[in-house]
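These notes concern the structure reproduced below.
The values are calculated or read from the model by the stated rules, or taken from the named source; none is laboratory data. Remember, it's a predicted structure, so these values are computed and weren't measured experimentally. Ideal geometry is used to build each Cβ from the backbone, glycine not excepted, and the neighbour counts take in all protein chains shown.
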Amino acid sequence: MPALTLDRLLASIGFGSRKEARALVRMGLVELDGEVLDDPFMEFASRPESIMVNGEDVPTVEKLYVMLHKPVDVECSHNPRDHQSVYSLLPDRFSAMGIQTVGRLDADSEGLLLLSNQGDFIHRVESPKKGCLKRYRVALAREFTDAQEKELLAGVMLKDERRPVLAREIVREEGSVVIAIGEGLYHQVRRMFAAVGNHVETLERISIGPLQLDATLGKGGWRFLSDAEIASLM
Ligand code: URA
C-alpha cells in the first residue's frame, strides 16, 4: 500500500484530486492539532481522527454511514427535477466520496434516510430478503377500517408488481397509523393504502430495522452513525 501522505488523505475524504489537495495545503488551509501543515507529502503512520480544513474540523473516515432527517420537498436524486437535492443538505465532499441514498423517500415524504458510500451496507439494508423492516407513520384522508387493516396484512396486489405485498405490522395511533414493510418499491406505502381504498396524506419514515430516527435531528439535520448502529443494521 502506498504511504498515507497528506495529499492522499485529503483526496480520500473528498477534497478533490491529489493535485487540488496539494493546492489547499500550499494555501495554508490545512491544520492538525493547531499547527498549519505545509508539506503536502508529509506521511502519516495512521489516520488522525480529524483534520482542520479551511476552518472546518473534518473527520478523516473514508467510509460514510450517515443518518439524515429528510424534510418534504427534497428529492433523493443527484439531478432533482422540481426541488432541491438531498445531497445539498450534506457537505459537498460527501458526493465526491461517492455517497448514495439507501433506498429513497418520495419528495412528499419525510423522515429517516440513510446514506453511505459502502455498497455492501446499501445492499444489505435495501434487500427485502435480509429482513430490515421499514416503519412509516402515515396520516390518512379517510377512516382506517378493520377491513382495510386485514387486507393490508393479508397482502395487496399493486399495479406492475408480480406478487402481492403485505404489511408486516400495523399499529394504530391517535390520528395516525404505523405500518411496517419489508420492501422498498416505488411509492409503496401510498400505493398500498390506495389499493385498499384509503389515501395517504402525510408519510414519515420513523425507523429502519432497529434504527430509529434520532429525535434530536431537526428537519434537514444529519449525523454519522455510530459503530454500534452500523453493526445493528448489518
Ligand atoms: N412509501 C411511499 O409511498 N413513499 C415513500 O417515500 C416511502 C415508502
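Among the strands (runs of 3 or more DSSP E) lying completely within region 24-134, list those that include at least 2 residues that are out of contact with any helix residue (DSSP H, G or I) (no Cβ under 8 Å at 6 or more places or on another chain) and surrounded by fewer than 18 Cβ atoms within 10 Å (Cβ to Cβ).
Because the criterion is at least 2 residues that are out of contact with any helix residue (DSSP H, G or I) (no Cβ under 8 Å at 6 or more places or on another chain) and surrounded by fewer than 18 Cβ atoms within 10 Å (Cβ to Cβ), the strands (runs of 3 or more DSSP E) in region 24-134 that meet it are 30-32, 50-53, 56-59.
Whether any residue in region 204-215 is without any contact (Cβ under 8 Å) to a residue 60 or more places away in the chain, in contact with a Pro (Cβ under 8 Å, 6 or more places away or on another chain) and on the phi < 0 side of the Ramachandran plot is what I want to check.
The answer is no; no qualifying residue exists.
Within region 122-140, track down each residue that is within 13 Å of the ligand (Cβ to nearest atom) and among the basic types (Lys, Arg).
LYS134, ARG135, ARG137
Assuming GLU143 fulfils every condition listed in (1) under 30 Å from PHE224 (Cβ atoms); (2) away from the ligand (no atom under 15 Å from the Cβ) apart from one, which condition is it?
(1)
Tell me, please, whether a residue that is among the small types (Gly, Ala, Ser), at positive phi and at pLDDT below 95 can be found in region 137-160.
First, pick out the residues of region 137-160 that are among the small types (Gly, Ala, Ser): 139, 141, 147, 154-155.
Narrowing further to those that are at positive phi: 155.
Imposing the further condition that a residue be at pLDDT below 95 reduces the set to none.
Checked against the condition, which is being among the small types (Gly, Ala, Ser), at positive phi and at pLDDT below 95, region 137-160 yields no hits at all.
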